[in-house]
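In what follows, a single structure is set out as structure tokens and then discussed.
Bear in mind that the values in this text are calculations on the coordinates, not laboratory data. Keep in mind it's a predicted model, so treat the numbers as computed, not measured. Don't worry about glycine lacking a Cβ; one is built from the backbone with ideal geometry, like all the others, and counts go over all protein chains shown.
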Amino acid sequence: MGRMRENPRYNVISMRISDEEREHLENIMERTHLSISDIMREAMEFFAANYDRIDSERKAA
């Protein structure tokens, strides 16, 4: 039987990316030793923490 997790993850999100985006992710994986899932989780946390600044920069452009 599998290991029980304290916070199991049941939701799956998939997306299509270009070869260039995939290569970029693979480079990040090599440098950080993180999985794509972990990289995407960190990216979502960063975006959420910086959304107001990012949004105001988009509007100013």
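Looking at R22, R53, R58, just one residue is within 20 Å of V12 (Cα to Cα), basic (K, R) and out of contact with any strand residue (DSSP E or B) (no Cβ under 6 Å at 6 or more places or on another chain), and that residue is R22. Restricting attention to the range 13-25 and to residues that are within 15 Å of the chain's Cα centre (by Cα) and over 12 Å from M40 (Cα atoms), the residue that is surrounded by the fewest Cβ atoms within 10 Å (Cβ to Cβ) turns out to be R16. Scanning the range 11-61 for residues that are in a helix (DSSP H, G or I) and β-branched (V, I, T) yields I28, T32, I36, I39, I54.
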